[in-house]
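Undergrad: Have a look at this one.
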Amino acid sequence: MKFFIDTANLAQIKEANDLGILDGVTTNPSLMAKEGIKGEEAITNHYKTICEMVDGDISAEVLGTTFEGIIEEGKKLAAIHPNIIVKVPMIKEGVKAIKWFTDNGIKTNCTLIFSAGQAILAAKAGASYVSPFIGRIDDSGWDGVELIGQISRIYKLQGYKTEILAASIRTALHIVKCAEAGADVCTCPLEPILGLLKHPLTDIGLAKFLEDAKKM
Ligand code: E4P
């Protein structure tokens, strides 16, 4: 399973990249706004900086909701760097745009996926990635990880090449469960990634080894 970091914060991207386990970055308008990135020039420059920092797929989300608007924006985003993946919402115009991008050699990430039906449609249109939002599904009282498993089974049976990018991850356990359920990628904030490192027995074991090492 590949690891993407889900943030537009450069310090956190650097910290995850320095770990040596980072395969890419996802952003969304909320994450860009949180970092105070405003206006086309600032947005473009921010994506350029991320692409220079991380050698991997970098999802950049369109803001338009019409076919023409999504295509125009997506072409500009894709021109920023060869690693840019155009992130398109799961709406009717978005599906049409994903098909257009696929036919024109531009890679896409279909975002805001909450059902297997949406994931099938995105795969049919040729999306490179689908992003099921598992944390938000859990928040609504359903099982986000179960959706990852369902999409994984369908894609295998049908031979779809679209990669499952488990998104909206909140905990280290989510990461483990998504790996188990067949996600190709997980995208998460820095905290759950660092959460994977932690186990109290590791800390206790290391403290004992260091103590005993003084007697060596
Ligand atoms: C995915 O690409 C989204 O940016 C993200 O994972 C959404 O996460 P949230 O539900 O924590 O906002």
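The values are calculated or read from the model by the stated rules, or taken from the named source; none is laboratory data. All values reported here derive from a predicted model rather than from experimental measurement. For accessibility, only protein heavy atoms count, side chains too; no ligands or nucleic acids. Shrake-Rupley method; radii C 1.70, N 1.55, O 1.52, S 1.80 Å.
Undergrad: How much accessible area per residue does the chain have, counting only protein heavy atoms and a probe of 1.4 Å, in square angstrom? All intermediate terms of the calculation are to be shown ahead of the outcome.
TA: Values: 11250 Å² over 216 residues.
So the chain comes to 52 Å² accessible per residue, rounded to a whole number.
Undergrad: Another question, then. Measure off, as a whole percent, the carbon and sulfur share of the 1.4 Å-probe accessible area of the chain, all protein chains present.
TA: Details: 6460 of 11250 Å².
Of the solvent-accessible surface of the chain, carbon and sulfur hold 57 percent.
Undergrad: How much mean residue ellipticity at 222 nm does the chain get from its helices, if each DSSP H run of length 4 or more adds -39500 (n - 2.57) and you divide by all residues, to the nearest 500 deg cm²/dmol?
TA: Details: 11 runs with 115 residues, N = 216.
Dividing the helical sum by the residues of the chain leaves -16000 deg cm²/dmol.
Undergrad: Shape call for the range 52-108 from the C-alpha gyration tensor, a ≥ b ≥ c root eigenvalues: rounded (a/c under 1.5), prolate (a/b greater than b/c) or oblate? Kindly include the intermediate steps, with their values, before the conclusion.
TA: Values: a/c = 2.04, a/b = 1.84, b/c = 1.11.
Verdict is prolate for the range 52-108.
Undergrad: Relative contact order, percent, of the range 1-93 when contacts are C-alpha pairs under 8 Å separated by at least 6 residues?
TA: RCO, the range 1-93: 25 percent.
Undergrad: While we're on this one: Mind pulling the angle between the C-alpha long axis of helix 92-103 and the longest principal axis of the chain? Nearest 10 degrees, somewhere in 0 to 90.
TA: Roughly 90 degrees between the two axes.
Undergrad: If you don't mind, another one. Can you give me the three principal axis dimensions of the range 78-216 from its C-alpha atoms, in Å, biggest first?
TA: If we take the Cα atoms of the range 78-216, the spans are 68, 38, 27 Å.
Undergrad: Per 0.36 nm of contour for each residue apart, how much would the distance between Thr49 and Glu191 grow if the chain were fully extended, relative to their Cα-Cα spacing?
TA: Numbers: separation 142, 0.36 × 142 = 51.12 nm, distance 2.21 nm.
Additional length available on full extension: 48.9 nm.
Undergrad: Just subtract the alpha-carbon distance of Trp142 and Lys92 from 0.36 nm times their residue separation and send over the number in nm, one decimal. Provide the component values of the computation, followed by the final result.
TA: Details: separation 50, 0.36 × 50 = 18.00 nm, distance 2.45 nm.
This chain segment gains 15.5 nm when fully extended.
Undergrad: Sticking with this one: Multiply the residue separation of Ala33 and Thr171 by 0.36 nm, subtract the distance between their alpha-carbon atoms, and state the gained length in nm to one decimal.
TA: Values: separation 138, 0.36 × 138 = 49.68 nm, distance 2.30 nm.
Computed gain between Ala33 and Thr171 is 47.4 nm.
Undergrad: Can you compute the radius of gyration and Dmax for the range 126-177, using only the Cα atoms, both in Å?
TA: Here Rg and the maximum Cα pair distance are 11.2, 31 Å.
Undergrad: Moving on to the next point. On a 0 to 90° scale, report how tilted helix 40-53 is relative to the longest principal axis of the chain, with both axes built from alpha carbons and the result rounded to the nearest 10.
TA: With rounding to tens, the tilt is 40 degrees.
Undergrad: Also, I was wondering about something else. Which of the three applies to the range 1-143, rounded, prolate or oblate, going by the alpha-carbon gyration tensor with a ≥ b ≥ c and a/c under 1.5 meaning rounded?
TA: Details: a/c = 1.57, a/b = 1.18, b/c = 1.34.
Here the range 1-143 falls in the oblate category.
Undergrad: Let a ≥ b ≥ c be the square roots of the eigenvalues of the Cα gyration tensor of the range 133-215; is it rounded (a/c under 1.5), or, if not, prolate (a/b larger than b/c) or oblate?
TA: Values: a/c = 3.60, a/b = 2.39, b/c = 1.50.
It comes out prolate by the Cα gyration axes.
Undergrad: Another question about this same structure. With respect to the cross-link table entries Lys2/Lys208; Lys14/Lys96; Lys156/Lys198; Lys76/Lys99, which display a Cα-Cα separation exceeding 25 Å?
TA: Working: Lys2/Lys208 34 Å; Lys14/Lys96 35 Å; Lys156/Lys198 33 Å; Lys76/Lys99 17 Å.
Checking Cα-Cα distances, Lys2/Lys208; Lys14/Lys96; Lys156/Lys198 exceed 25 Å.
Undergrad: Which angle from 0 to 90°, rounded to the nearest 10, does the C-alpha axis of helix 67-80 make with the longest principal axis of the chain?
TA: Long axis of 67-80 versus the principal axis of the chain: about 50 degrees.
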